[in-house]
Each structure stands twice: as C-alpha cells, then as structure tokens.
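See structure below.
What follows draws every value from the coordinates through simple rules; no lab data is involved. These numbers were taken from a predicted model, which means no experiment stands behind them. Here the Cβ is made from the backbone with ideal geometry for all residues, glycine too, and neighbour counts use every protein chain on show.
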Amino acid sequence: MQELRKKIGTWIAIILAHVIDIVLFDKQPVAQMGIIFVLLGNEGLSLVENLGKLGVPIPEMITKYLIQIRSHGDKQEVKAGDLPASGIEQVVVVPEEGKPQILTKDE
C-alpha cells in the first residue's frame with residue numbers, strides 16, 4: 001500500500017510541476033523536467049544500492065558517491081570504540097584503506 005501511495009505522489013508531483021510550467025514558464029518544461037530528473041536520479045541510486053546488496057561489484061568511485069549522498073543528512077562523528085547517540089540509524093565506516101561501509105541499525 002505504501003508503494004502505491006509513493007507512485008501516486010510521484011504522479012501528482014509531475015502533474016503539479018506541469019501546471020507550474022504552464023502558469024509560470026510559458027509552457028516550457030522547466031519544473032517538470034527538474035522533478036523528473038530528481039526522481040530518475042533517486043531511482044538510479046536505489047537501483048545501484050540494491051545491486052550492491054545482491055553482491056554485484058560496484059566501482060569504489062560510485063560507492064563513495066552513494067555514501068556521500070545517502071549520509072548527507074544528520075551527521076555525527078564517532079571515534080573508534082565509541083557508540084553513536086541514540087536515534088542514529090546508520091553509521092558510515094570509512095577505513096583508511098578499503099571500501100567504505102554503511103552499517104545500519106539492524107547490523
């Protein structure tokens with residue numbers, strides 16, 4: 001049911017962006033294309049993350065970029081051996097050498 005709401009919300013956002021384009025941008029698809037690019041980017045990130053979870057090798061450059069995007073929200077620096085504050089749902093471990101890892105609350 002949640003996926004259906006998300007799809008409906010996506011279509012509503014695109015329709016509203018189209019209306020904004022008609023009213024503000026003289027029928028040029030400025031807002032509509034912006035919304036579509038953001039949605040496509042988000043789906044692309046999700047696809048790459050899911051492929052990584054399935055064990056498909058992802059280049060380190062893309063992995064670092066994904067970690068940077070996904071961890072852009074609330075940040076807290078935690079030193080080795082310390083526990084993150086409550087409410088932290090994921091921790092990004094960036095070793096000096098090797099691949100960065102995202103540890104979620106479940107792990």
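Highest mean packing first, where packing is the average number of other Cβ atoms within 10 Å per residue, the peptides 24-32, 39-47 line up as 24-32, 39-47. With the simple model of a label 7 Å out from the Cα in the direction of the Cβ, residue 40 to residue 93 spans 3.7 nm. Label sites at residue 4 and residue 51, each approximated as a point 7 angstrom past Cα along Cα to Cβ, lie 3.1 nm apart. Placing dummy labels 7 Å off each Cα toward the beta-carbon, the span from residue 33 to residue 11 is 2.5 nm.
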